[in-house]
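We did not get these values from a lab; they are worked out from the coordinates using the rules stated. All figures in this text were calculated on a predicted structure; none of them were measured in a lab. Virtual Cβ from ideal backbone geometry, glycine too; neighbours counted across all protein chains shown.
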Amino acid sequence: MSQAVSSNVVTDRDQNNMDNSQMDADGGMSETAGEPTTRTPALDQTMSSTRVPVDGKTSTEVTITPGMKLEVKLEDLFADEESDEEFPSSHNQDIMASSPPEASLSPVRVEVPSKFSDSDVMNQFYKRLFPWRYLFQWLNHSPTPTTDFGHREFAFTLQNDAYLRYQSFPTSDLLRKDVLRLMPSRFEIGPVYTTNPRDRKTLRKSSAFKPLAKELCFDIDLTDYDDIRTCCDKANICIKCWQFITMSIKVIDVALRDDFGFKHILWVYSGRRGAHAWVCDKKARQMDDQKRRAIAGYLEVVKGGAQGGKKVNVKRPLHPHVARSLEILKTHFQSDILQDQDPWETDAKYERLLELLPDRTLNDALRKKWSSSPGRASTAKWADIDALAKSGTSKNLDSKALLEAKQDILLEYTYPRLDIEVSKHLNHLLKSPFVVHPGTGRVCVPINPKKLREFDPLDVPTVTELLTDIDEWLPPAEDKSEGKPVADWEKTRLKPYIEHFRLFVATLMKDESDVKGKREREDAMEF
Amino acid sequence: MIRQEFSRADPKRRTALDPKKRQFAPATFQNVEYKHRLNFYVTPPTADITLEQFEQWAIDRLRVLAEIEACSFRNKNLTETAAHMKPLLDKYLPLTSSTSNSAATQIERQKDHYSHFILRLAFASTEDLRRRFSRAETTLFRIRFQDNDSRERQKFVEGLNLDLEIVSDEERREYAEELRAAGGGFPKRIEEESYYKVDWEKVPELIEHRRVFLKGGKAYVPGREQLSMVIAEFTNKLDKALETTSRALPRLDEDDRLSPILTHLSQNFTTPDANYSSSSTSLPGADISARNIDTLSSSFPLCMQNLHRSLRRDAHLKHFGRLQYSLFLKGIGLNLEECLVFWRGAFNKITDDTFNKEYRYNVRHVYGDVGGDSNRRGNGYSPFSCQKILTEHPPGPGEAHGCPYRHFSIDNLTALLQQVGVKDHEVLKGVKEDKEKQKFHLACNRVFEYAHKQEIKKVRDDGTWGAAQLETIVHPNEYFKRSYLLKNLGKNPTDGGGDVKMED
Ligand SMILES: [Zn+2]
């Protein structure tokens, strides 16, 4: 067995999870360990008239057995390497597919590097292309630095796979400098904390260091569709299976806007085979875990593990959210599922469909029909269900039960499969928009939910393509910009994505300043 | 009549009251009049009580809460829980209705009020305790709310000022279809129900289960769901108060007469499953090693057998599966070295390099070999209890963790049981009924009893095992330990005979 790789660096990440669950009990430790002891003053609120201790005794005697307190939050410890971050050896496939074959012969093109996170490529990218200012404004909600940005956690994954948590920066410039110094292959964004994350160890009580706010996030990943996706598997994707993501975005986006009243929802391509949503409304950012859980539960329709049997069991009549989703998903089901995925082509596969249908006699008739015409298309099979039902094959057919089963099947094959853990917890970290996916080299660009049809993940530029774009850029013959320098990103295919982001951020900032301004005006009226 | 000051039992300290704090110090000797039977516990108690009352009242309430927690963990529903709790509540925490108007009413309500606040102090210290306390208190409130006479209940709710906007008739007609659909088809005629419009955040429970119509951030809550709103408000207030209390806690240790009582109280709030220390698992003479896991797995509960089978079939487990299984293996006494050998061998489709990079650290972390100080001090995490497996993180697509009795469809569950050798028709039928009634632990214990029928009969007959050693299993590691001991009766090399003693 070869030696362990850099596992010690991850310590910090786990320390956090412990801190969260440890609360007071850890308070005393920092002292015995001889660390700096900046004390927070004892808090004012109390239930009774007891005195403030002056002797510096830290934690209370109220403790519980070690096993118990350690049980909290440990699920966070298992880094989810099943998600988008794997480096399968097959990753070159989709890169090649996306570049026109003749392009690689062109002498001016940058060589495709063995790894997209190579230092000088990343250096160029962060220096010349990454939209630092808009990222700052996005997280800061105001043009001048606030604690929204300053107390925000960043986590870096370095080139050697070391993972640095609790990085924080007073300004966007300092963030940029540190990124250029450390050259992380990617970085993640966590919550805003009560205090500066870098100072967390100097606090007398670890419970004083708490996550306060974070965008409500969603993560949809195509690996969760492997049991119904026929065109690709594992890390591979194509435009056919990308439609699962397209329909998911439609369903989730409308629910968040119409039902919950959120306005600022940023959808981002995760760089390989999925998408993230960041709900940035102030109300959403301030939600505690219980509220996050409520939204996650509201949106969750497909349930159950590998052996759970029927995965959709929605109540009748359908809740308005489910009914609306069904309407949205109907057309996708016909074209993207029945035609393009053809999920019930073979004997073994259509048995799965029959398992989900309620009438045994009808099933027998269907099985007989389908086994006599091997390879009958799923579209035809789906139509057969109603045709045979109408023909009266089954005398005691419950047509309502059949209709409901068909609706459930439709939902099982189309309804968004969310990685719900990402949405439930305030302190979950998520990859930043615009970083480069280290496996594919593609930039995690925003997806415009109004132009979903146009988005093709295989068209998303890779970091090396972007650098070539800069080199090949020629100023327009007539200089209309009147001397205004053209930023490097404007010379590349990143331009429409950054413009979308800029507009998104500007709208968000305007909303926040309106609310703030209104409150200040109201306050002023008081006097 | 009540002589000691609440929470400051030592009279010597009276003079030390910080003048700045005096303004926040409530007037002493003030008795509150309790108008309602129910209490939202917003105002802390101010009158003095004796130290004896302090302790006794807290212990009585603790009995009640611990039993409520035990009910939830045995999957009793609210009606069953209420029925189970009735005699206990009558004995330890009676609350008669306002109509009775007896002198005892005020004393009862005072005890309810004080004991709640004392336990708040005892259970504010850690997130885990706060969560459990809040859950149990909420259930208690719910039982009492439903038990309340409806007029009294209405008066109590009016007193809460919940700020409810009534949905107008026009709006109700406009969304009649949606409102009915969200209400599961009720009411038949929309005029039969009144609706309140509230911020959705006020009713997270109704949102989570899609039981209300939601539009533009407002939840349209039918009148019959009033309980939900009240409960949400209760939990919300309590959780916030617990946070506040936890931050105020350090100032309590000056009172050395209270600390031991509070410590004692919090330590007594444990359910049988809450903790499983690895020391109590040691099986002398057992070969707990990587190469022996396949053999030992016949003594594993179904959840772990399923993980083991999935692992052998796919040479992989997703992360919650690895977590659940690693902790279990640690719990049966597999040491870190062996555990690493086991996982390395099981993940036989990946390179050493990938294994070291992706998985090795997690396994070491489970054992407390790496991680923060606190993780190392505590030797990593405790193996999951049945309650945790049943209630947290249900498996998603492609995941094998969780409890098969709960998370499998009945067909797949039956198939799995047959694969592991449970073919008896009666047992399978019993399991099916247990599952339908959501008594998952009963199903698991039923299978255990079936699989160890002869051995259990033997230890019962010859009296080597008492009732305590045969009570309901509520922890996967307990399942293994008991199964292993039963299957190896008389084979234990350290005592050479059948006299196997369990420690608990
Ligand atoms: Zn595909």
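The average projected area of segment A:335-481, computed from the convex hull of its Cα atoms over all directions, is 15.9 nm².
Computed from phi, the 3J(HN,Hα) profile of segment A:262-268 under the Karplus parametrisation 6.51, -1.76, 1.60 (θ = phi - 60°) reads 7, 10, 9, 10, 9, 9, 9 Hz, with x in place of Gly and Pro. When the C-alpha to C-alpha distance is required to be over 27 Å, the pairs from A:Lys495/B:Lys215; B:Lys218/B:Lys240; A:Lys240/A:Lys368; A:Lys263/A:Lys451 that qualify are A:Lys495/B:Lys215; A:Lys240/A:Lys368.
Length available on full extension from B:Ser409 to B:Arg135: 0.36 nm per residue minus the Cα-Cα distance, which gives 95.8 nm.
Toward the positive end of the charge dipole of segment B:165-230, with +1 on the Cβ of Lys and Arg and -1 on the Cβ of Asp and Glu, the farthest Cα among B:Val221, B:Phe186, B:Pro204 is that of B:Phe186.
Taking Lys and Arg as +1 and Asp and Glu as -1, the other residues whose beta-carbon sits under 9 Å from that of A:Cys444 total +3.
Summarising the amide proton neighbourhood of A:Gly308: residues at separation of 5 or more, or on other chains, whose placed amide H is nearer than 5 Å comprise B:Ser409. If the Kirkwood radius is taken over C-alpha pairs of segment B:278-487, then at 20 °C and 1.002 mPa s the Stokes-Einstein diffusion coefficient equals 119 µm²/s. Among A:Asn313, A:Ala255, A:Ser270, which residue has its Cα positioned farthest towards the positive end of the charge dipole of segment A:251-320, with +1 placed on the Cβ of Lys and Arg, -1 on the Cβ of Asp and Glu, and the dipole taken about the Cα centre? It is A:Asn313, whose Cα lies furthest towards the positive end. Scaling against 2.2 N^0.38 Å puts the C-alpha radius of gyration of segment B:121-173 at 1.70.
Take each residue in B:349-361, count the other chain C-beta atoms within 10 Å of its C-beta, and the mean is 4. Listed by chain and number, the lysines placed with their C-alpha closer than 22 angstrom to that of A:Lys177 are A:Lys127, A:Lys431; residues fewer than eight positions away on the same chain are left out. In this structure, the residue pairs whose Cα-Cα separation is over 25 Å, taken from A:Lys310/B:Lys453; A:Lys234/B:Lys432; A:Lys291/B:Lys437; A:Lys310/B:Lys330; B:Lys457/B:Lys481; A:Lys311/B:Lys439, are A:Lys310/B:Lys453; A:Lys234/B:Lys432; A:Lys291/B:Lys437; A:Lys310/B:Lys330. Under 18 Å of direct C-alpha separation, and excluding same-chain neighbours fewer than eight residues apart, B:Lys91 reaches these lysines: B:Lys111. Of all lysines in the structure, the ones whose alpha carbon falls short of 16 Å from that of B:Lys357, not counting any fewer than 8 places away in one chain, are B:Lys318, B:Lys349.
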